[in-house]
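The values are calculated or read from the model by the stated rules, or taken from the named source; none is laboratory data. Bear in mind the structure is a predicted one, so any value in this text is a computation, not a measurement. Cβ sites come from the backbone with ideal geometry, for glycine too, and all protein chains shown count toward neighbours.
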Amino acid sequence: MKQRMSVVENILSANDQLAEENRSRLEAAGIYTLNLMASPGAGKTSLIEHTIKHLNGKLHLAVIDGDIATSIDADRAVAAGAEAVQINTGGECHLDAVMLQGALNQLELTKFDLLLVENVGNLVCPAAFKLGTHQNVLIASIPEGDDKPYKYPTMYRGVDALVINKIDLLPYIDFDMQYFQRGVELLNPGLVTFPLSCSTGEGLQTWFDWLEERVSDFNPAANL
Ligand code: MG
């Protein structure tokens, strides 16, 4: 057991080193990068599509999509107007720093102001692997239920912002927002939160404004 633990620790520390290298490349290129995490079906790709459509023309945006299989998500990002690279993990339930490095190699980084990395849909594994991105964003959604912060504390603890998608479904689903937010507050006090709906558009503007502010704080030369 002890041996197994040290193997796991070594893998994670090798990953962390490479994540730092990724971060240095992103810094040097002046590209602000978000790691978007969520369970399958929470709306990562829909949020990315809306974000591309809104910010296109204001800044240069690239997307890296992680999925176990297919290029469906990268195709959607390209159709929405961004450059996109698809990573197929071939069964791995998360992205890691090596995979991100490979995807970064396929982009001309200095061309972009903002990079959105869509992690594999999973609330457990992605939380353990740093990629080198600037901030971690979790996308929760109403149909998942209000108990998820309590059941997946590591994920909720490790993020810098929280999107609550599909708020248009609140009248139809037994979801206690106060109970949900109490759980979030216990794990991650003061976490910036964006309740929104990708299908009605409600709340999206606040998310876009926050994102634009992050990009211009990071790189005042970005074309906003
Ligand atoms: Mg997706």
Give me a count of the residues in segment 54-96 that are away from the ligand (no atom under 14 Å from the Cβ), small (Gly, Ala, Ser) and surrounded by fewer than 21 Cβ atoms within 10 Å (Cβ to Cβ).
4
Which of (1) over 16 Å from residue 65 (Cβ atoms); (2) surrounded by 21 or more Cβ atoms within 10 Å (Cβ to Cβ); (3) not basic (Lys, Arg) does residue 118 not meet, given it meets every other one?
(1)
Checked pairs for segment 189-215, first under 16 Å from residue 160 (Cβ atoms), second among the hydroxyl-bearing types (Ser, Thr, Tyr) and not in a helix (DSSP H, G or I), C-beta under 9 Å and 6 or more apart or across chains, list as 211/32; 214/32; 215/32
Do we find a residue being within 20 Å of residue 138 (Cα to Cα) and without any contact (Cβ under 8 Å) to a residue 40 or more places away in the chain anywhere in segment 57-69?
no
Looking at residue 100, is it within 14 Å of the ligand (Cβ to nearest atom), buried (at least 22 other Cβ atoms within 10 Å of the Cβ) and over 15 Å from residue 48 (Cα atoms)?
no
Please go through segment 11-50 and pick out each residue that is of a type in the set (S, T, N, Q) and more than 13 Å from the ligand (Cβ to nearest atom).
13, 15, 17, 22, 24, 33, 35
Turns out the strands (runs of 3 or more DSSP E) fully within segment 86-199 with at least 1 residues that are charged (D, E, K, R), under 27 Å from residue 212 (Cβ atoms) and modelled with pLDDT of 95 or more are 114-118
